[in-house]
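S.K.: Have a look at the structure that comes next, please.
The values are calculated or read from the model by the stated rules, or taken from the named source; none is laboratory data. Quantities reported herein were computed from a predicted structural model and do not represent experimental measurements. So basically every Cβ, Gly included, is an ideal-geometry build from the backbone, and we count neighbours across all protein chains shown.
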């Protein structure tokens, strides 16, 4: 079981999320990163590593390309974060794919299919 985040970790995570979103929108010109969304950031207990969860409209088919683009931009992003935020340490950025959107869509599709089958059978009872 993972330890709960401290208030400091939560604050730094939110600051990093906001700043990375801003930088991706305004400063990064890499075409691989056109529709990337930062879904969350978690920092390690010592605040030296930040795990940045991302997803994209294109979905998992461009996952590797997107993560490669983000990793190549991580040095630039760290420098920009260092200028914008007053932190003792600027965490190393580790980009991870967040597949929760795809999982949610699959679940919704299954539920919709079950509801259609129930309607076809004429079942009116809820599960």
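S.K.: Going by what's in this entry, would residue 47 be described as touching a helix residue (DSSP H, G or I) at 6+ places or on another chain (Cβ under 7 Å) and in a loop (DSSP other than H, G, I, E, B)?
M.R.: yes
S.K.: If you take the residues of segment 2-33 that are assigned to a loop (DSSP other than H, G, I, E, B) and in contact (Cβ under 8 Å) with a residue 12 or more places away in the chain, which of them is surrounded by the most Cβ atoms within 10 Å (Cβ to Cβ)?
M.R.: Ranking the candidates gives 28 first.
S.K.: Let me ask something else about it. Just checking, does segment 84-98 include any residue being out of contact with any strand residue (DSSP E or B) (no Cβ under 6 Å at 6 or more places or on another chain) and either more than 29 Å from residue 3 (Cβ to Cβ) or modelled with pLDDT under 85 (or both)?
M.R.: Within segment 84-98, not a single residue is out of contact with any strand residue (DSSP E or B) (no Cβ under 6 Å at 6 or more places or on another chain) and either more than 29 Å from residue 3 (Cβ to Cβ) or modelled with pLDDT under 85 (or both).
S.K.: Surrounded by 10 or more Cβ atoms within 10 Å (Cβ to Cβ), modelled with pLDDT of 90 or more and out of contact with any strand residue (DSSP E or B) (no Cβ under 9 Å at 6 or more places or on another chain): does that describe residue 108?
M.R.: Answer is no for this residue.
S.K.: Next up: If residue 115 meets every condition in (1) surrounded by 11 or more Cβ atoms within 10 Å (Cβ to Cβ); (2) out of contact with any helix residue (DSSP H, G or I) (no Cβ under 6 Å at 6 or more places or on another chain); (3) closer than 30 Å to residue 3 by Cα apart from one, which number is that one?
M.R.: (3)
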